[in-house]
Structure formats: structure tokens, C-alpha cells
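Have a look at the structure below before the remarks.
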Amino acid sequence: MNNQLLVLLECWSAAAGVLHSLLLHCSPCSTDGRGMAEEDPNAPHGLRPTINDYPFANDGLLIWDALKQWVSAYVTHYYPNSSVVESDKELQEWWKEICTVFHGDKKDEPWWPTLRTQQDLIDIITTIIWVASGHHAAVNFGQYAYAGYFPNKPTIARTKMPSEDPSDQE
């Protein structure tokens, strides 16, 4: 597993707190769980946003569906049935490591999904990709407007910030 994924999982685990649940980070669950969408079998994604102009749900569900479609094709190609998922020792050890090492503080929680079927693997991988891409972008890309302006977030400041008031100078 590459170091970037390890760092992502460690940060994710540290920031998640006691209400953390892996599958609650997926787009459909997160919008539904916050009352921002309602289940609707006639809607394109099985969910109908409660606010028509809600870009996180509208755009996020499109991205989620594309990710899930790609992951589904990949998983069903390499894992043609559930017995192959269960018998893949490396895959099972990878999942065990995520649940017990990267999330050591949460290893005994009852909400961890099991990894026994193709659908389990599809849901887990889609969620991890979603959190590292669409969800991350939605919650973090807006930071540049604040932190990109140097006086708001200087990387180093050894003297006082410049001021037009002469009494503030040393």
C-alpha cells in the first residue's frame, strides 16, 4: 500500500471521531443521513435531493455513480464471485489492517462492514475513492481563498505583520 493512502487513512481515522462509520462517508448515505435527500426509486440515483439546487448532492451523485460503475466493472472482472473475495488472503489482510491498524481506536466498533461478497468490496472501494476524491474536493478546495492570501495564513512570520499604524512598529 502506498504511503499517500496510509496518510489519508490515518488522517481520516484521526478526524472521524466517535460517530465515524466508513459507509456513512459515501455520497448517497451522507446526503440521506443529513436530511438533504430522500429515498426515491424513481430518481436517477435512488435519491431525490430535498433542495433542487444542491451541487454537492447533484454533482456528487453523478461522480458517485461513475465511481461505483467503474469499481463494479473492475471488481466483477477480477473477483467473478463472492468465494474469490473471501478466499483472497491478501485482500482480507488489507481490509483487516484498515479496520484494526489504521483505525486501531475503532477496531472493536460494530459498524465495520464485512468483506465477504463482491458487493461488500464494491461498496468499500467506492467509498474510499469517493472520500479521497469528490468528498475531499467538496470540503477542502474552498480553503485556497482563505489560506492562499498570505497575510491570512503566513507560512512563516518572524516579525509583526506590516501595519499602517506607526505605533504598532517596533
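State whether the residues of the stretch 45-63 include one that is at pLDDT below 80, among the β-branched types (Val, Ile, Thr) and within 18 Å of Gly134 (Cα to Cα).
Checking the stretch 45-63: not a single residue is at pLDDT below 80, among the β-branched types (Val, Ile, Thr) and within 18 Å of Gly134 (Cα to Cα).
Show the residue pairs that are 6+ apart or on different chains and have beta-carbon atoms under 6 Å apart, the first residue being within the stretch 40-56 and closer than 21 Å to Ala137 by Cβ and touching a residue at least 40 places away in the same chain (Cβ under 8 Å), the second being among the aliphatic types (A, V, I, L, M) and open to solvent by less than 100 Å² (accessible area, probe 1.4 Å).
Phe56/Ala138
Can you confirm whether the stretch 96-107 contains a residue that is out of contact with any Gly (no Cβ under 9 Å at 6 or more places or on another chain), open to solvent by less than 100 Å² (accessible area, probe 1.4 Å), under 17 Å from Trp130 (Cα atoms) and modelled with pLDDT of 75 or more?
Checked the stretch 96-107: at least one residue is out of contact with any Gly (no Cβ under 9 Å at 6 or more places or on another chain), open to solvent by less than 100 Å² (accessible area, probe 1.4 Å), under 17 Å from Trp130 (Cα atoms) and modelled with pLDDT of 75 or more.
State yes or no: is Leu67 at pLDDT 85 or above and under 17 Å from the mean Cα position of the chain (by Cα)?
Against the criterion (at pLDDT 85 or above and under 17 Å from the mean Cα position of the chain (by Cα)), Leu67 qualifies.
Out of all the residues in the stretch 113-125, is one or more open to solvent by 90 Å² or more (accessible area, probe 1.4 Å) and of a type in the set (Val, Ile, Thr)?
no
Of the numbered conditions (1) open to solvent by 60 Å² or more (accessible area, probe 1.4 Å); (2) under 30 Å from Pro154 (Cβ atoms); (3) not acidic (Asp, Glu), Ala132 fails exactly one; give the number of that condition.
(1)
Would you say Phe150 is more than 24 Å from the chain's Cα centre (by Cα) and more than 21 Å from Ala66 (Cα to Cα)?
Here the answer is yes, as Phe150 does meet what is asked.
The values are calculated or read from the model by the stated rules, or taken from the named source; none is laboratory data. Just so it is clear, the structure is predicted and the values come from calculations on it, not from any experiment. Backbone-built Cβ (ideal geometry, glycine too); neighbour counts: all protein chains shown. Just the protein is used for accessible areas: all its heavy atoms, side chains included, with ligands, DNA and RNA removed. Shrake-Rupley method; radii C 1.70, N 1.55, O 1.52, S 1.80 Å.
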